[in-house]
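Data first, discussion second: the structure below is written as structure tokens.
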Amino acid sequence: RRKLRWLFPLGFDNGYRLAVSSARASAAGWRRIADLAKLSAGVRVACPRTYVGRPRDGLAALLRRHGLKLATAPLLQDEPSKRLAALLAGHVDVAVVYETDGALRGQAVTLLDDSLGFFPPYHAALVVREEALSRLPKLEKALAPLRARFDVATMREVNYQVAIARQPLGRVAQRLLRDKGLVTDKRVGRPLPKVRVAHAAVDDLAGQLPRA
């Protein structure tokens with residue numbers, strides 16, 4: 001009814017995951033989220049600020065589903081690297097992360113199994129206005145090479161390059177697309193068409209949109 005078309009997924013799921021220290025998980029036998037119920041005093045959690053306000057897949061619903069309780073107020077930290085630092089320093093028992101967080105690269109953490117299927121899929125996918133597909137008949141075919149081309153490991157690596165190694169976003173994106181055979185270094189000899197991009201208000205793209 002919104003005259004939108006869901007085209008296809010890009011190949012990776014960027015869902016929420018719960019990370020714990022690998023050493024502690026091994027010692028305590030933690031493999032599933034529900035195993036955290038073994039903490040009799042409750043669980044100490046580090047999570048993004050937005051996560052506590054999500055009614056369906058947020059912190060309160062997660063705790064209810066897996067039979068957990070909080071030991072203290074959650075540590076609210078939007079930077080994934082700072083949440084993981086708090087985890088590895090022993091300040092919290094678990095950190096809420098995204099599957100493709102670059103900060104996970106090389107860290108001694110374990111992602112717990114969601115054995116109860118609490119989290120829904122968060123597949124990255126393309127959604128296009130039907131009017132655009134009618135106006136640009138070659139658009140869908142042009143986008144088709146993006147189908148299932150980017151897995152979690154790839155996205156975690158490029159996120160690491162941008163967020164942690166501080167490499168220029170455009171250079172990382174260009175290298176990724178070139179490595180996948182999706183673009184060449186050949187320059188386009190005509191002006192590029194303008195596009196309009198929709199994004200969530202909580203996504204801070206103030207620096208990225210002008211560069212794009």
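What are the trypsin sites (Lys or Arg not before Pro) within the range 1-103 that DSSP puts in a loop, where the Cβ has at most 12 other Cβ atoms within 10 Å? Don't jump to the answer; show the numbers that get you there.
On the way: sites: Arg1, Arg2, Lys3, Arg5, Arg17, Arg24, Arg31, Arg32, Lys38, Arg44, Arg49, Arg56, Arg64, Arg65, Lys69, Lys82, Arg83; in loops: Arg1, Arg2, Lys3, Arg31, Arg44, Arg56, Lys69.
Within the range 1-103, the qualifying trypsin sites (Lys or Arg not before Pro) (loop, at most 12 other Cβ atoms within 10 Å) are Arg1, Arg2, Lys3, Arg56.
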Inset, instruction - Please go through the range 107-212 and write out the chymotrypsin sites (Phe, Trp or Tyr not before Pro) that DSSP classes as loop and that have at most 15 other C-beta atoms within 10 Å. - result: Tyr122
Legend entry - Average accessible surface area per residue within the chain, 1.4 Å rolling probe, Å²: 64 Å²
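Ratio of Rg to Rh for the chain, alpha carbon only, Kirkwood?
On the way: Rg = 20.0 Å, Rh = 19.6 Å.
My calculation of the ratio gives 1.02.
Once the convex hull of the C-alpha atoms of the range 52-115 is built, how many Å³ does it hold per residue, rounded to a whole number?
102 Å³
Can you give the % of DSSP beta bridges in the chain that are antiparallel, to the nearest 5? Don't skip to the answer; put the middle values down first.
Details: 12 of 18 bridges.
Within the chain, antiparallel bridges account for around 65 percent of the total.
Suppose R0 equals 45 Å. What FRET efficiency, 1/(1 + (r/R0)^6) with r the Cβ-Cβ distance, do Asp185 and Ala27 give to the nearest 0.05? Write out the running numbers ahead of the final one.
Details: r = 50 Å, r/R0 = 1.12.
Between Asp185 and Ala27 the formula returns 0.35.
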Legend entry - Carbon plus sulfur fraction of accessible area for the range 1-72, probe 1.4 Å, in percent: 50 percent
Legend entry - Shape parameters for the range 110-160, alpha-carbon atoms, Rg then Dmax in Å: 16.1, 47
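The values are calculated or read from the model by the stated rules, or taken from the named source; none is laboratory data. No experiment lies behind these values; they were computed from the predicted model shown. Using ideal geometry, Cβ is built from the backbone for each residue, glycine included, and neighbour counts are taken over all protein chains shown. Areas reflect the complete protein model, heavy atoms only, side chains present, ligands, DNA and RNA absent. Shrake-Rupley method; radii C 1.70, N 1.55, O 1.52, S 1.80 Å.
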